[in-house]
Amino acid sequence: MDEFDDVERQVRQIIAEELQVGEADVRKESTIEELGGDSLKALMLITALENHFNISIPDEDAMKIKSFNGAVGVVRRLKSA
């Protein structure tokens, strides 16, 4: 079973809400596409992450958010900047 730290739990919850899937369906190796995400949902996800974590995600980082791990990595890096 996957263990999630605080940032991962928050990102997991946001992904589940934005993509309208169960949190249990969002695993560390999940891709946004696997979870039913398309370009519009990805944009909504990025906005939700920005609002929740009070960060601004530049376009080059937004392109890295293709998976749960990608989203967590971007959030961690921008939160620590």
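Has region 54-67 got any residue that is touching a Leu at 6+ places or on another chain (Cβ under 7 Å), under 23 Å from residue 22 (Cβ atoms) and charged (D, E, K, R)? No: region 54-67 contains no residue that is touching a Leu at 6+ places or on another chain (Cβ under 7 Å), under 23 Å from residue 22 (Cβ atoms) and charged (D, E, K, R). Residues of region 37-48 that are closer than 15 Å to residue 14 by Cβ and not in a loop (DSSP other than H, G, I, E, B): 41, 42, 43, 44, 45, 46, 47, 48.
Among the candidates 65, 55, the residue that is of a type in the set (A, V, I, L, M), surrounded by 13 or more Cβ atoms within 10 Å (Cβ to Cβ) and closer than 23 Å to residue 3 by Cβ is uniquely 65.
With respect to (1) in a helix (DSSP H, G or I); (2) under 26 Å from residue 81 (Cβ atoms); (3) of a type outside the set (Asp, Glu), the lone exception for residue 4 is condition (1). Of the residues that make up region 10-27, is at least one among the basic types (Lys, Arg) and at pLDDT 95 or above? For region 10-27, residues among the basic types (Lys, Arg) and at pLDDT 95 or above: present. Only one entry of 71, 16 meets the criterion of being in contact (Cβ under 8 Å) with a residue 24 or more places away in the chain and closer than 17 Å to residue 3 by Cα, and that entry is 71.
So which of 60, 29, 34 is assigned to a loop (DSSP other than H, G, I, E, B), free of Cβ contacts under 8 Å to residues at least 12 places away in the same chain and among the charged types (D, E, K, R)? Break it down into steps so the answer makes sense when it comes.
Working: 60 fails: assigned to a loop (DSSP other than H, G, I, E, B); 29 fails: free of Cβ contacts under 8 Å to residues at least 12 places away in the same chain.
The unique qualifying residue is 34.
The residues of region 1-50 that are within 12 Å of residue 65 (Cβ to Cβ) and either open to solvent by 60 Å² or more (accessible area, probe 1.4 Å) or basic (Lys, Arg) (or both), listed by number, are 33, 39, 41, 43, 44, 47.
The values are calculated or read from the model by the stated rules, or taken from the named source; none is laboratory data. Just so we're clear, the structure is a prediction, and the values are computed from it rather than from any experiment. Because the Cβ atoms are built from the backbone with ideal geometry, glycine has one as well, and the counts that use them run over all protein chains shown. Surface accessibility is based on the protein's heavy atoms, side chains included, excluding ligands, DNA and RNA. Shrake-Rupley method; radii C 1.70, N 1.55, O 1.52, S 1.80 Å.
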